[in-house]
Amino acid sequence: MPRGNDMFELKLRKKLLSQQLSVVDDKFDRLSRILDKKITIKGGRSSQSKQTPLESAKRSFRNTSEPEPKKLMVPQTTIPGSKIDLVRKRNVIRRHNELERRKPKPKPKIERADPFKINTNVPESLLPRRYTRGELPCTVEHRSSGLALSWMCPLHNLDYEHYLPIFMDGVRCAEGSVHSFIARQGVYELIQDALGHSDRVLDVIDLCVLPLRYALSTKRSDVVLAVVNIIKQLCTVHPAVGPRLIPHYRQILGILNLFYCKGGKNLGDAMDYKQFNSDDLVVPIAEVLEMMERTGGPNAFVNIKFMVPTYTSAFAN
């Protein structure tokens, strides 16, 4: 249904058209009378001998059974640029804006926060570059059993304060690459050779925390599992290593708490045939927390509980 303004505009146009039609009819009647008077004054002689073009047109118009429709110009209801014209344009713009406003807008897609999303903003490891330059005292050796590291000198002659942080910095390399194998195998063999020699590892722990923190920040399950195994191996080197790690719990246990609270697999009575891959991180993290509490001394449980609230003491009983 048209609105009030539209009805008023239609009535106004109809009225103007009727007025213009009446004016045209009056003009036509007036011209026909004038022509008739002229014909009577000149006499029938001239009218019979010659017919003016206007008279012939008039007769043909009267004799036609179906007269042609009159072509009238479309009347202009308003003068362009007048106040009425401006008001109408404003109304048209306002209606268009109202219709645009009433249209249903598409809902924006809200990205859900994923705390376990892999972080790609971690600084790149420098171990691949050092290995290509030949700065590492080892090379990769291909054996029948697989890859292995060939050291250029005995491990006890190496400077742990220089090389152990470099190998730990490469733990976050992509899994399956040669550099990831060099880093993880190198850390394992260096710590294994330092068993019983606390002087090699104790002075390096503060330098190794930052590479381990970067590795945990990637939130990749294989990297987190490698860091958990390294911490577990460090705790077995010497009894003094456990208390030395307590000041660094806040840098290490934050990401471990995230995966620890995630929960493990609930398989029911089924069997997990991929347990060798150790993709379930809850069990290794629980084991390393128990080892840190066992080797950290009396203050270890309080600090672990502060960072991992769901952890329960393994020695409560």
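The values are calculated or read from the model by the stated rules, or taken from the named source; none is laboratory data. Every value quoted in this text rests on a predicted model; they were computed, and no experiment measured them. Here the Cβ positions follow ideal geometry from the backbone for every residue, glycine too, while neighbour counts run over all protein chains shown. With ligands, DNA and RNA removed, areas are computed over all heavy atoms of the protein, side chains included. Shrake-Rupley method; radii C 1.70, N 1.55, O 1.52, S 1.80 Å.
Filtering segment 165-194 down to residues that are over 21 Å from residue 235 (Cβ atoms) and either at pLDDT below 90 or among the aromatic types (Phe, Trp, Tyr) (or both), which residue is surrounded by the fewest Cβ atoms within 10 Å (Cβ to Cβ)?
The extreme case among them is 176.
Any idea how many residues of segment 133-149 are in contact (Cβ under 8 Å) with a residue 24 or more places away in the chain, surrounded by 13 or more Cβ atoms within 10 Å (Cβ to Cβ) and not in a loop (DSSP other than H, G, I, E, B)?
Qualifying residue count for the region: 4.
In the set 197, 162, which member is modelled with pLDDT of 90 or more, over 21 Å from residue 246 (Cβ atoms) and not basic (Lys, Arg)?
162
Just wondering, is there one or more residues in segment 230-241 that are touching a residue at least 24 places away in the same chain (Cβ under 8 Å), hydrophobic (A, V, I, L, M, F, W, C) and assigned to a loop (DSSP other than H, G, I, E, B)?
Initial filter on segment 230-241 (touching a residue at least 24 places away in the same chain (Cβ under 8 Å)): 230-241.
Within this subset, residues satisfying the condition of being hydrophobic (A, V, I, L, M, F, W, C) are 230-231, 234-235, 237, 240-241.
Applying the additional criterion that residues be assigned to a loop (DSSP other than H, G, I, E, B) yields 237, 240.
Yes, segment 230-241 contains a residue that is touching a residue at least 24 places away in the same chain (Cβ under 8 Å), hydrophobic (A, V, I, L, M, F, W, C) and assigned to a loop (DSSP other than H, G, I, E, B).
Evaluate segment 267-282: report whether one residue or more is over 28 Å from residue 166 (Cβ atoms), in a helix (DSSP H, G or I) and open to solvent by less than 40 Å² (accessible area, probe 1.4 Å).
Yes - at least one qualifying residue is present in segment 267-282.
Can you find even one residue in segment 299-310 that is more than 21 Å from residue 119 (Cα to Cα), touching a Pro at 6+ places or on another chain (Cβ under 7 Å), open to solvent by less than 70 Å² (accessible area, probe 1.4 Å) and at pLDDT 90 or above?
No, because not a single residue in segment 299-310 is more than 21 Å from residue 119 (Cα to Cα), touching a Pro at 6+ places or on another chain (Cβ under 7 Å), open to solvent by less than 70 Å² (accessible area, probe 1.4 Å) and at pLDDT 90 or above.
Which fully enclosed helices (runs of 4 or more DSSP H) of segment 44-132 have 3 or more residues being modelled with pLDDT of 65 or more? Write out each step before concluding.
On the way: elements: 44-49, 53-63, 83-102.
The qualifying helices (runs of 4 or more DSSP H) are 83-102.
Report, by residue number, each residue of segment 150-205 that is part of a helix (DSSP H, G or I), more than 19 Å from residue 139 (Cβ to Cβ) and without any contact (Cβ under 8 Å) to a residue 24 or more places away in the chain.
199
With under 31 Å from the mean Cα position of the chain (by Cα), at pLDDT 90 or above, open to solvent by 20 Å² or more (accessible area, probe 1.4 Å) and within 24 Å of residue 306 (Cβ to Cβ) as the only criterion, which of 244, 220, 213 stands out? Break it down into steps so the answer makes sense when it comes.
Working: 244 fails: under 31 Å from the mean Cα position of the chain (by Cα); 220 fails: within 24 Å of residue 306 (Cβ to Cβ).
Answer to the check: 213.
Looking at 164, 127, 149, can you tell me which residue is over 42 Å from the mean Cα position of the chain (by Cα) and hydrophobic (A, V, I, L, M, F, W, C)? Quick ask: steps written out before the conclusion?
Values: 164 fails: over 42 Å from the mean Cα position of the chain (by Cα); 127 fails: over 42 Å from the mean Cα position of the chain (by Cα).
The match here is 149.
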